[in-house]
Structure formats: C-alpha cells, structure tokens
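Structure first, then comments.
The values are calculated or read from the model by the stated rules, or taken from the named source; none is laboratory data. Given the structure is predicted, the values throughout are model-derived calculations rather than measurements. Neighbour counts run over all protein chains shown; Cβ positions are idealised from the backbone, glycine included. Side chains are part of the model used for accessible areas, which takes the heavy atoms of the whole protein and leaves out ligands, DNA and RNA. Shrake-Rupley method; radii C 1.70, N 1.55, O 1.52, S 1.80 Å.
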Amino acid sequence: MQLQAQVCSKLDIPKTFALTTEEELLESILVDYCYGIFSDNQLLAFAICVLNRETPRNLSSLLPQANCLDYITFDTIQVHEAYRGYGIQQFFLQEAEHLAKRVNAPYILATVAPHNLPSHRNFDKANYQTLRTLNMEGGTYGNAARDLVCKTL
C-alpha cells in the first residue's frame, strides 16, 4: 500500500492508475498471484494477476459470453519511480504469460489508461490487442476511460 501511495503521488494525471484497495490486495494475496521485486528489504515493484475465476476483478466479466476460466487478468503493476524504464512491466507481463499457461487460460486481459503511452508501448511489445475503450464505473476506477487489452496465447 505504501508503494502504491508513492506511485500515485507522482502521477501527472491522477486517473492514470486505478488504486488497488486493501481488501483487493488481501484477497489477491490469498487466492491470486502477487509478484514483487525487492532490494535491501524495500519493495521496488509489485504486480497482481487475478486468476481465471469468477469475480468482478476478472475482466472477462466485461466480455459478453466469455468463460471466466479462459481468462486471467493482469490487474495492477506498481513500479517505484526510480526504477521505471528498466523493463519491469515487460518482465511482469512475461510472468503473466507463464501463469496463464500454468492455469490453462488461453487469454490475458488488462486495462490501460488511453493516455498512458509507456504502458501501451509495453503491452504492444508483448502482442496485446486493444479490444475497445470503455468507461470503468465505480470502485477504484472512478468512471475513468480505459482501453481493454487482450493477449491470446
């Protein structure tokens, strides 16, 4: 939560990042996959992948007739500002691919703020396709526009 607060305090556009609530974080620690990069006991980067399960946090709930078992969600990534530009998001996207294969999910979904060009470039490099732009209502999104992106394995 401290890393997230630090990341968000440095954003030029507040709606670039959708906050992960403490409840969501605790849920993911128990049932999803959480990844961290540490140095000298300091958390430098963190990512969550929501497993292929029925939950509103699995973005397959936004796709008509999608089977949640076919999708994992690359839910969040937070990188300390001093460590941006080192390929950490690309590393976590590769880890999401490995995870999807382990749990037999042929698709990975994520959302990206339309103005977040560095993140879009990373998803493009990882061969994600933009499905559509939508307004994410309520919760931590605060009705912000997000591009829904998908990778087919």
Selection count where residues are surrounded by fewer than 17 Cβ atoms within 10 Å (Cβ to Cβ) and either of a type in the set (Phe, Trp, Tyr) or within 19 Å of Val7 (Cα to Cα) (or both), scope segment 27-37: 3
Qualifying residue in segment 11-25 (condition: over 24 Å from Asn116 (Cα atoms), within 13 Å of the chain's Cα centre (by Cα) and outside any loop (DSSP other than H, G, I, E, B)): no
First in segment 131-153 and at pLDDT below 85, second anywhere and among the charged types (D, E, K, R), Cβ under 6 Å, 6 or more apart: Met136/Arg146; Asn143/Glu137; Ala144/Lys15
Every pair of residues 6+ apart whose Cβ atoms lie under 8 Å, when the first sits in segment 98-119 and is more than 14 Å from Asn67 (Cα to Cα) while the second is open to solvent by 50 Å² or more (accessible area, probe 1.4 Å) and in a strand (DSSP E or B): Leu99/Tyr33; Ala100/Tyr107; Pro114/Thr133
Any strands (runs of 3 or more DSSP E) falling wholly within segment 38-133 and containing at least 1 residues that are under 18 Å from Lys151 (Cβ atoms) and open to solvent by 40 Å² or more (accessible area, probe 1.4 Å): 71-79, 107-112
The one condition in (1) out of contact with any Asp or Glu (no Cβ under 6 Å at 6 or more places or on another chain); (2) closer than 21 Å to Met136 by Cβ; (3) not hydrophobic (A, V, I, L, M, F, W, C) that Tyr107 fails to fulfil: (1)
